[in-house]
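Heads up: the structure comes next, in structure tokens.
The values are calculated or read from the model by the stated rules, or taken from the named source; none is laboratory data. Every value quoted in this text rests on a predicted model; they were computed, and no experiment measured them. Cβ sites come from the backbone with ideal geometry, for glycine too, and all protein chains shown count toward neighbours. Only protein heavy atoms, including side chains, enter the accessible area calculation; ligands, DNA and RNA are left aside. Shrake-Rupley method; radii C 1.70, N 1.55, O 1.52, S 1.80 Å.
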Amino acid sequence: MLELDLILNKFCDYKIMNLSDENKRLFLELLTMDDKDIWHILDPNVDSKYDSLIKLVSQDNVVDPSNVWINTVSYTHLTLP
């Protein structure tokens, strides 16, 4: 899912190195899941064992599973050289 790629790639680029060992383990576990399950877990209204990690992932991203386009709006106006 493109939206997840955008969110998780940004997270990996800027934050993954600063994660605690526990959150690194959770992140690796999260990556083994199906996209639809990850998207569900990213919903701030869903409680899961990934909550502390999800807060970090969604900190710089607007994560709203009911409106998947929110996450890609800033990318839709990019112009390639």
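At-a-glance table
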| quantity | calculated |
| --- | --- |
| Residues that are of a type in the set (A, V, I, L, M, F, W, C) and within 14 Å of Ile54 (Cβ to Cβ), drawn from the stretch 17-37 | Leu19, Leu26, Phe27, Leu30, Leu31, Met33 |
| Of the criteria (1) open to solvent by 90 Å² or more (accessible area, probe 1.4 Å); (2) of a type in the set (A, V, I, L, M); (3) without any contact (Cβ under 8 Å) to a residue 12 or more places away in the chain, which one Leu2 fails | (3) |
| Cβ-Cβ under 7 Å pairs, at least 6 apart or on other chains, the stretch 28-49 side at negative phi and in a loop (DSSP other than H, G, I, E, B), far side at pLDDT below 90 and not basic (Lys, Arg) | Asp43/Pro65; Pro44/Ser58; Pro44/Val63; Val46/His40; Ser48/Ile41 |
